[in-house]
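Written out below as structure tokens is the structure these notes cover.
Just so you know, all these numbers are worked out from the coordinates, no wet-lab data involved. This is a predicted model, so every value here is computed, not measured. We place every Cβ from the backbone using ideal geometry, glycine too, and count neighbours over all the protein chains shown.
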Ligand SMILES: CC(C)(COP(=O)(O)OP(=O)(O)OC[C@H]1O[C@@H](n2cnc3c(N)ncnc32)[C@H](O)[C@@H]1OP(=O)(O)O)[C@@H](O)C(=O)NCCC(=O)NCCS
């Protein structure tokens, strides 16, 4: 049992939405993480690295995430259905700049759970937590140019496109740009499930 402290002391986990529960990752999640993060449909739009993730890296990530949450630094969470057992993906809120309330969000789902509004629902819960409970001011998100699905998730929440970084990723024999999005607290539009 990890208790959150510092800036995250007020956060109560699991974070519940209408259909989802967001909780800290556990070592028992590692087989799920390895199976789905390395699935090409997830890996390609998510990771800029070229090698698949290996078990020691995932174990270290789980431990690091639990430690960062307990110290009140960042919140990397597993996304499950409300039953708490069916693991569907992950979402993270990293806060490099607490002084200015400035964070970064990323997310992914195993492909069999796509197209049901789950990413929008989880991301909306994280933004609500960030702006309402943690009094943050802005959240950034970065999306490779070939990922319109993720851009749609961000736009629904009120994120605005703020820029484009050229040639960030070399994949499939060519360079790809990364599109930068930002959401200010005042522009946030919570997404309700379908
Ligand atoms: C991106 C991802 C998280 C979206 O998950 P999801 O649960 O299917 O997303 P949602 O159902 O909440 O919303 C997807 C939206 O994109 C829309 N969409 C789907 N395919 C699209 C496409 N090719 N172009 C534009 N929009 C698209 C959907 O219609 C939906 O919008 P709507 O609710 O207005 O209909 C999921 O596809 C994923 O895990 N991808 C791999 C990892 C990844 O890309 N992570 C994000 C890195 S920035």
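Some notes on this structure:
- Three-way shape label, the range 141-190, alpha-carbon gyration tensor, a/c 1.5: prolate
- Fully extended contour minus Cα-Cα distance, from residue 26 to residue 86, at 0.36 nm per residue: 20.3 nm
- Within the range 14-141, antiparallel bridges make up roughly 85 percent of the DSSP beta bridges whose residues both belong there.
- Residue-averaged [θ]222 nm for the chain, counting only DSSP H segments that reach four residues, each worth -39500 (n - 2.57): -8000 deg cm²/dmol
- Global geometry of the range 66-194, whether rounded, prolate or oblate, following the gyration tensor of its Cα atoms and the 1.5 cut on a/c: rounded
- Among 64, 51, 82: highest mean-square fluctuation, GNM of the chain, C-alpha pairs under 10 Å: 51
- Semi-axes of the equivalent ellipsoid for the range 14-141, computed as √(5λ) from the eigenvalues of its C-alpha gyration tensor and ordered from largest down, come to 22, 17, 15 Å.
- Value of relative contact order over the range 14-141, rounded to a whole percent, pairs C-alpha under 8 Å and six or more apart: 24 percent
- Using a Förster distance of 25 Å, the FRET efficiency for residue 162-residue 97 (Cβ separation, nearest 0.05): 0.95
- Of all DSSP bridge pairs formed entirely within the range 76-194, close to 90 percent run antiparallel.
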